[in-house]
Amino acid sequence: MTHYVPVDRSVEAALDAVAAGATALTAILEEAQRGDAEAFRALYRDTQPRLLRYLRALVGDDAEDVASETWLQISRDLASFHGDGDGFRGWAATIARHRALDHLRRNARRPPPILVPAEDLAGLAARDDTAATALDAVATDAAVALIATLPPDQAEAVLLRAVIGLDAATAATVLGKRPGAVRTAAYRGLRTLARHLEQARTRPPP
Amino acid sequence: MSTRHSRGITRKAAEQLLGGTADPGRDPDLARLLAAAAAPGHEAELGGEAMAVTAFETHHLASVAIPRRGPMIKSPLAKLLTAKVLAASVAVCVTGGAAFAASTAFTGSSSSGGSQGGSAQPTSAQPAPSTANPALAAGPIRLCRRLASLAAGATSGQVLGQAGLEQALSSPALTSDLSGYTFASLITNAHGSDNVPDYCALLLGLPSLPQPGDLAGLPASLLAQLLSQLPAGTLGQVLASLPAATLSQVLTTLPAPALSQVLTTLPAAALSQVLTTLPAPALSQVLTTLPAGGLTQVLTTMPATGLTQVLTTLPAGGLTSVLTTLPATGLSQVLTTMPATGLTQVLTTMPATGLTQVLTTLPAGGLTNVLTTLPPHGLARVLTALPATGLSQVLTTLPATGLSQVLTTLPAAGLSQVLTTLPASALSQVLTTLPATGLSQVLTTLPAPALSQVLTTLPNSTVSSLLGELPGSVVSQLVGELPASVVSGLPTSVLSHLPVG
């Protein structure tokens with residue numbers, strides 16, 4: 001299990017507020033746009049893990065570097081961003097995607113596929129306790145790695161919707177597609193994932 | 001092959017899973033997978049937080065128009081800040097709060113009902129930095145106040161005044177209060193928990209630092225921001241409280257624009273105290289780091305005694321660099337502020353090239369003032385140190401009265417050396433500029449060999465006209481000292497004016 005460390009209460013309270021809904025995220029966003037560094041910190045803590053997991057599917061092990069570039073741009077342009085909390089996540093995802101595509105162009109290649117250790121996948125499928133699974137860093141890595149094995153359009157659609165937390169329309173804007181196409185890609189992705197999980201569940205232990 | 005999901009997932013179920021409205025019992029494997037993928041942030045995922053927040057603060061500072069801080073915040077500084085933060089080994093250990101608002105809707109952070117972290121706003125009655133820049137200060141200021149309250153054992157709602165804050169930040173209890181992760185961002189910002197008390201004191205605008213000797217432990221970029229936002233009086237008190245070594249370290253690590261701003265913000269007396277506290281190498285580095293504008297303002301703000309002490313402390317190289325950086329008016333003001341002894345020491349410390357540049361930069365009025373302030377031997381040392389061209393330029397710049405005063409002040413040996421160094425054209429110009437009384441005094445002061453050399457250097461027409469201005473008795477005295485070979489070469493017009501015998 002991941003070791004959790006207590007955080008600054010003001011940031012913690014802000015993050016609890018984010019959890020309580022998009023309205024709170026909007027309020028924190030506005031604070032950050034007025035220059036409050038602690039509000040910006042709360043935005044980072046809310047959004048960075050989501051972006052990092054999305055980027056892992058796009059650029060593999062270079063995700064952290066691309067995330068750093070993404071945050072440099074966010075910190076630079078935040079004051080000029082117009083929109084609410086949900087819009088912010090979509091904006092951040094768009095920046096992350098552009099930086100990732102730049103990165104891929106620079107390196108002229110797709111990253112090697114992330115390998116999912118069979119036992120992680122089996123553990124993911126065998127768990128009965130959903131909450132415990134979600135608090136497990138290994139499970140998170142395995143889940144993101146499994147999603148990253150999907151065709152890119154499906155992986156992106158699933159991650160933008162389920163991890164970044166965007167609705168179909170916002171995800172479509174990020175990807176430059178129609179919402180219907182994003183729904184279809186996500187649906188196909190989930191169908192494939194379900195099949196993988198089922199196979200993992202039924203695979204005999206090594 | 002299991003038949004558990006043989007029907008597959010429907011489009012509707014997929015949409016519900018992705019939108020967080022799925023029935024928990026349906027498609028549990030997929031629900032677990034998505035929950036794991038969207039789980040709250042783990043510590044390892046937040047390693048770039050300090051860099052991101054620093055970049056944010058830097059960009060925000062750059063976008064807020066505060067002219068006095070403007071020049072410091074440029075892209076290279078942002079890069080530097082980023083690099084420094086990246087390099088810092090102090091890790092920010094935070095996690096747990098990243099909320100997950102997707103399908104399975106649970107979070108890893110506990111909602112602590114009593115946390116009122118944002119409520120401790122600084123009140124206007126409290127000392128605070130003069131430019132309350134929220135990006136720089138709002139969060140850390142709150143944290144510093146909270147830390148001080150904890151260390152002081154203050155009850156909830158009790159607001160500490162300046163003395164209370166100072167006492168709390170100096171309290172030994174502070175170390176244990178800092179150990180929690182609540183104050184991790186302060187430790188990160190200050191590059192270590194040892195630096196937090198001073199960091200907080202500066203943020204809160206306190207004139208008395210808890211650990212003045214350790215101030216240089218704060219990163220230069222942060223120090224630059226903190227010192228730049230202090231009001232003049234507080235800044236003066238803070239810098240005056242530093243031991244010389246710390247003061248040297250602090251001032252020599254500040255980037256030029258911040259250094260300039262800090263020094264030009266100080267009132268004259270505090271500025272004088274700060275600069276005269278610095279040992280020579282640090283003083284030299286500080287003054288030669290300043291851009292011309294800042295340097296001029298600093299030196300022309302200082303009172304004469306402080307200025308003299310500062311300039312006479314500088315080693316020759318630093319002194320030359322400082323004086324040759326000043327523009328003509330600033331240089332003139334600085335040199336004419338100094339008393340004779342200090343001025344002599346300053347001018348005679350510089351090497352010939354620097355001295356020439358300094359004297360030839362001065363406007364005529366300032367040059368006259370400077371040279372006529374020097375005592376005779378100091379003046380002789382200064383003028384005889386100059387090479388012929390520099391000397392020519394200096395003497396031909398002086399107006400007649402100033403020139404007369406300068407040359408008649410020189411002792412005989414110095415005067416000889418000066419006049420015999422000048423090339424013929426400059427010598428002609430100098431001597432023909434002198435009024436008759438000055439000329440008499442100059443020529444009668446010269447020992448015979450020098451007088452011979454001067455008169456034989458000049459063209460006959462000039463000798464004629466010069467001596468023609470003088471009373472016959474003086475000409476007679478002069479000619480009487482000359483060897484026959486020189487006398488025979490004098491123009492006949494001169495000789496015909498001599499009294500018979």
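For this structure, a couple of remarks:
- The stretch B:333-373 and the stretch A:32-53 have Cα centres lying 59 Å from one another.
- Per residue of peptide A:196-202, the mean number of Cβ atoms on other chains within 10 Å of the residue Cβ is 4.
- The stretch B:323-396 shape via C-alpha gyration tensor axes, a/c threshold 1.5: rounded
- Here is the interface size for B with A: some 6200 Å² of accessible area buried, both sides summed, with a 1.4 Å probe.
- The residues packed around residue B:198, meaning those with a beta-carbon under 13 Å from its beta-carbon, carry a net charge of -3 if Lys and Arg are +1 and Asp and Glu are -1.
- Amide H within-cut-off set for residue A:166, under 5 Å, with H built and near neighbours excluded: A:161
- Positive minus negative residues near residue A:95 (Lys, Arg vs Asp, Glu; Cβ under 12 Å): +1
- Ranked packing of B:249-262, B:445-458, most packed first, by mean Cβ within 10 Å: B:249-262, B:445-458
- The residues packed around residue B:22, meaning those with a beta-carbon under 14 Å from its beta-carbon, carry a net charge of +1 if Lys and Arg are +1 and Asp and Glu are -1.
- Anisotropy class of the stretch B:177-311 from Cα gyration tensor, a/c 1.5 cut: prolate
- Average other protein chain Cβ within 10 Å of Cβ, residues B:8-17: 5
- With a Förster radius of 25 Å applied to the C-beta separation of residue B:397 and residue B:456, the computed FRET efficiency comes to 0.45.
- Computed accessible area, residue B:42, all protein chains, 1.4 angstrom probe, square angstrom: 10
- Accessible surface, per residue, of the stretch B:288-417 when the full set of protein chains is kept, probe 1.4 Å, Å²: 35
- Accessible surface, 1.4 Å probe, highest first, among residues A:71, A:91: A:91, A:71
- For the set A:76, B:26, A:105, A:41, solvent exposure ranked by accessible area (probe 1.4 Å, protein chains only) runs largest to smallest as A:105, A:76, B:26, A:41.
The values are calculated or read from the model by the stated rules, or taken from the named source; none is laboratory data. Note that the structure is a prediction, hence the values are computed from the model and not measured. Quick reminder, even Gly has a Cβ in these numbers, built from the backbone with ideal geometry, and neighbours come from all protein chains shown. The protein model used for the area step is the full one, side chains on, heavy atoms only, and it has no ligands, DNA or RNA in it. Shrake-Rupley method; radii C 1.70, N 1.55, O 1.52, S 1.80 Å.
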